[in-house]
Structure formats: structure tokens, C-alpha cells
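Working notes, beginning with the structure itself.
Just so it is clear, none of the values below were taken in a lab; they were calculated from the coordinates. Being a predicted model, the structure only gives us computed values, none of them experimental. As a convention, Cβ positions derive from the backbone with ideal geometry for all residues, glycine included, and neighbour counts pool all protein chains shown.
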Amino acid sequence: MDLTHPYPPLKLGRYELKSRLITGSGKYSSLDIMVKAMEASGCDCVTIAVRRVNLADKSGASLLDHIDRKRYTLLPNTAGCYTAEDAVRTARLAREAGLSDLVKLEVIGDPTTLAPDPIETLKATRILVGEGFTVLAYTNDDLIMALRLEEAGATSVMPLGAPIGSGLGLLNPHNIRTIVERLKVPVIVDAGVGTASDVSVAMELGAAGVLLNTGIAGAQDPVAMARAMGLALEAGWLAARAGRIPKRGSGAAPSSPTAGVIQSAPGRV
């Protein structure tokens, strides 16, 4: 294993990402901190909420002015959409504005939990794939829906680790592992990541990558946390392929050889 280049690029349709960590652009205290966190994470793909960026206004400062398009691949997302129709319209707007035909498809079904609407997501996936979009579909950690999205042509399926912005980590690791094992397209864990160990767990489960925003932007030191997330992704990727020791249900196994050990005399320490 080449430890200097521990993992190959992540291929998403015609796109190729050197880093398997995708970060967000929202919730930062300043755009300067956002840029520094992006750099510290080592990511080369950043997701932006199309509905929160004024694409029509060319005057004044914009979020897009602070993202180096030569360095980062933009991943427009359809955050804030509650129907397939709205999500499709938002994706079209991003492409027409010259952002990208790569899209993180997010259709929310419940305003309280921000849980995805699987029916509307599947509907939108079919439409966007038919129009030539490279669709990364955000969904629940449900195997059947993940399979349906793959069948519909999604380039990647993105099951949630936990509710958006909750920081609860991966609540159902078995579900994530099952989805990873059954799908042929890359599985990227999205939402709920709270700290670096959550990223490592996702990668150890076999995920192709991790997308997160609040876990970095909401940290007390976003730049330090971003660096930690990048290191954790690398650690998780390596650990998944290094061959961990089997878990023991009971008892212990000494870490040093027992053959030839000098024995103490009876009753002596």
C-alpha cells in the first residue's frame, strides 16, 4: 500500500476528485474562516446551496467570489427544496448560471427533522439524470431506496449518518455498511457528522467519501476541526484496508509472546 498516496481519486461521472472529503460553505462566522477551513481540510470539492446564492446580482461581494474555481469543484445543492419540481428547477438554474451539471440532490420531506423525502427524491433523480445531470442523491439510510436511486441513474447515493446538523454521528452503521456492500455506485455518507471519529467510522464502513458542513463550520475552531476531518478520512480509509484484528467477545490476548517468559517462584512477586 502506498502510504504517500493512500487513496485513489473519487470518480463521479466525468468528474474526478483528489480528496474524498467534500465540505460545505454555509454557517461560517466569516467567509475568510470558510476559505481557511476549506484549505485545512484538504478538500477539492465544495457544496453550495443554490437557493442561498444570488446568481442574478453581479454587483457586490458574493460567496462565489471567495471560492477559487480553479482549485475547487463546485457542487451545487438543492437545499431548501421540498418537492421534486423545486429541486429540478434549482438544479437547472445552477447549470444555466454556469455553476455545474454536478448536483447534490436534496429534497426535504419534513421541516422539523429535515428528513429527506424518498419519493420526491427518486422522482427528481429520474428527471435530472434524463437531462444529463450528474446526480448525487441524498437519502435516508434505507437499502431499498438506495437501490432504487442507483437504478434511476444516480452517480452516487448519499445516505445520512444522522439528521442534518445534529452532530450525532452515524446512528445506524449496520445500515450504512449494508448499502455500501450492495451498491455499485460510490456511497458518500452525508449529514450528522459531528467530529473526526465519525468520519473515520464512515470510511471504515467502506464509504467512498464523506460530505459535511456543520461539523466544521459550527466547531469552536473550524480550521482545526477541518484539518482533523481530513486526517480522519485518511485514517479511516487506511484502517479499512489494513485488516483490523477480530473483535473478542470475552477474555484477553496478551500483546507480547508468552513463550520463554521467566516464571516467578511460587508465592513470590
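Mind listing the phi-derived Karplus ³J(HN,Hα) values for region 149-155, rounded to whole Hz, using 6.51, -1.76 and 1.60 with θ = phi - 60°, and x for any glycine or proline?
5, 5, 4, 6, x, 4, 6
For the chain, build the charge dipole from Cβ charges (+1 Lys, Arg; -1 Asp, Glu) around the Cα centre, then report which of TYR82, GLY209, LEU149 sits farthest towards its positive end.
Among TYR82, GLY209, LEU149, the one farthest towards the positive end of the dipole of the chain is GLY209.
Explain nothing, just compute: Karplus ³J(HN,Hα) = 6.51 cos²θ - 1.76 cosθ + 1.60, θ = phi - 60°, for every residue of region 222-233 in order, whole Hz, x for Gly and Pro.
x, 5, 5, 5, 4, 4, 4, 5, x, 5, 5, 5
Normalised by the number of residues in the chain, what is the relative contact order in percent for Cα pairs under 8 Å and 6+ residues apart?
That works out to 17 percent.
HN-Hα J couplings of region 118-134 from phi, Karplus 6.51/-1.76/1.60, θ = phi - 60°, integer Hz, Gly and Pro as x?
Couplings: x, 5, 5, 5, 5, 4, 5, 4, 4, 5, 5, 4, x, 9, x, 6, 8 Hz.
List every residue whose amide H lies under 5 Å from the amide H of LEU12, counting only residues 5 or more places away in sequence or on a different chain, with H placed 1.01 Å from N in the peptide plane.
So LEU12 has HN proximity to LEU17.
Sort 167-180, 220-233 by packing, meaning the average of other beta carbons within 10 Å per residue, with the highest value first.
220-233, 167-180
Which of rounded, prolate, oblate describes the chain, given a ≥ b ≥ c as roots of the alpha-carbon gyration tensor eigenvalues and a/c under 1.5 marking rounded, otherwise prolate only if a/b is larger than b/c?
prolate
Would you work out which of VAL135, SER166, ALA40 lies farthest towards the positive end of the dipole of the chain, given +1 charges on the beta-carbon of Lys and Arg and -1 on that of Asp and Glu, about the Cα centre?
ALA40
So what is the relative contact order for region 8-57, in percent, with contacts set as C-alpha pairs under 8 Å and at least six apart?
37 percent
Please get the size of the charge dipole for region 10-241, origin at its Cα centre, with Cβ charges of +1 on Lys and Arg and -1 on Asp and Glu, quoted in debye to the nearest 20.
Roughly 480 debye for region 10-241.
Distance check, please: which entries in LYS18/LYS184; LYS104/LYS184; LYS11/LYS247; LYS70/LYS123; LYS11/LYS123; LYS36/LYS70 exceed 26 angstrom between their Cα atoms?
LYS11/LYS247; LYS70/LYS123
Round to the nearest 10 and give me the degree value, 0 to 90, for the angle of helix 31-41's Cα axis relative to the longest principal axis of the chain.
So the helix axis and the longest Cα principal axis differ by about 40 degrees.
Compute the acute angle (0 to 90°) between the alpha-carbon long axis of helix 84-96 and the principal axis of greatest extent of the alpha-carbon atoms of the chain; round to the nearest 10°.
That helix lies at roughly 80 degrees to the long axis.
So, counting K/R as plus one and D/E as minus one, what does the shell of residues with Cβ under 12 Å around GLY26 add up to?
Surrounding charge for GLY26 is +3.
Build a GNM of the chain with springs between Cα atoms under 10 Å: which of LYS247, LYS70, LYS36 gets the top mean-square fluctuation?
In the Gaussian network model the winner is LYS247.
For a quick check: with amide H placed at 1.01 Å from N, whose amide H comes under 5 Å from LEU102's, ignoring anything fewer than 5 positions away on the same chain?
THR134
Given axes a ≥ b ≥ c from the Cα gyration tensor, I'd like to know whether region 1-157 is rounded (a/c under 1.5), prolate (a/b larger than b/c) or oblate.
Since a/c reaches 1.5 but b/c is at least a/b, the shape of region 1-157 is classed as oblate.
Can you give me the relative contact order of region 5-106 as a percent, contacts being Cα pairs under 8 Å and 6 or more apart?
That works out to 23 percent.
Give the shape of region 87-177 as rounded, prolate or oblate, defined through the alpha-carbon gyration tensor: a ≥ b ≥ c are the square roots of its eigenvalues, a/c under 1.5 means rounded, and otherwise the shape is prolate if a/b is larger than b/c and oblate if not.
prolate
Only bridges with both residues in region 10-241 count here: give the DSSP antiparallel percent, nearest 5.
If I count the DSSP bridges inside region 10-241, around 15 percent turn out antiparallel.
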